[in-house]
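Working notes for the structure below.
The values are calculated or read from the model by the stated rules, or taken from the named source; none is laboratory data. Because the structure is a prediction, the values reported are computed rather than measured. Cβ placement follows ideal geometry from the backbone for every residue including glycine, while neighbour counts extend to all protein chains displayed.
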Amino acid sequence: MSVPIIPDPKPRRNRASAKKAGTAFERRQADYLADVLNDDRIDRRVKTGAADKGDIAGVRTVNGARVVIECKDTATLSLPAWLREAEAERLNDGARIGVVMHKRRGTADPAEQYVTMTAATFALLLKGGTL
């Protein structure tokens, strides 16, 4: 008796689908922030290669300090690596603050996604980018 082959109900992500999901996530988050903060300078950033400056441009603290946002839409959390990446991008951009905005499984609502940063970055953010 042969065993029936049951197809995988969810197709596996490949490089192209991952890139498409990441782009869509960045777009939703940039549009959300631009709308909520009423700031039309906020937008997806054009990729800059080796000297990447984050995924969303135009974000500022209440005191005008620049904020770099690295976006991640992946099922596997890699917070230490992501925070290192956000810090490198913050330095590349000359920004004051770098954070990681990552996908919350189970919801596409941009307001319900997660933002991760160190406690030092959080304190700096609360002070408006100046300590």
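The table below gives the values:
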| item | result |
| --- | --- |
| Some residue of the stretch 18-25 being in a loop (DSSP other than H, G, I, E, B), within 23 Å of ARG105 (Cβ to Cβ) and at pLDDT below 95 | no |
| Lone qualifier among ALA50, ALA18, ALA30, ALA88 - being surrounded by fewer than 19 Cβ atoms within 10 Å (Cβ to Cβ), within 28 Å of THR130 (Cβ to Cβ) and either free of Cβ contacts under 8 Å to residues at least 60 places away in the same chain or not small (Gly, Ala, Ser) (or both) | ALA88 |
| Output for the stretch 95-131, where each listed residue is more than 15 Å from the chain's Cα centre (by Cα), modelled with pLDDT of 95 or more and among the basic types (Lys, Arg) | ARG96 |
| Extreme residue, modelled with the lowest pLDDT, among residues of the stretch 60-77 that are surrounded by 12 or more Cβ atoms within 10 Å (Cβ to Cβ) and within 19 Å of SER17 (Cβ to Cβ) | THR74 |
| Subset of the stretch 103-116 that is in contact with a helix residue (DSSP H, G or I) (Cβ under 7 Å, 6 or more places away or on another chain) and without any contact (Cβ under 8 Å) to a residue 60 or more places away in the chain - its residue that is farthest from GLU87 (Cα to Cα) | ARG104 |
| Residues of the stretch 33-47 satisfying the condition of being aliphatic (A, V, I, L, M), surrounded by 12 or more Cβ atoms within 10 Å (Cβ to Cβ) and not in a helix (DSSP H, G or I) | LEU37, ILE42 |
| In the stretch 117-131, the residues that are of a type in the set (S, T, N, Q) and either loosely packed, with under 12 Cβ neighbours inside 10 Å or without any contact (Cβ under 8 Å) to a residue 24 or more places away in the chain (or both) | THR130 |
| Check on ALA108, among the aliphatic types (A, V, I, L, M) and in a helix (DSSP H, G or I) | no |
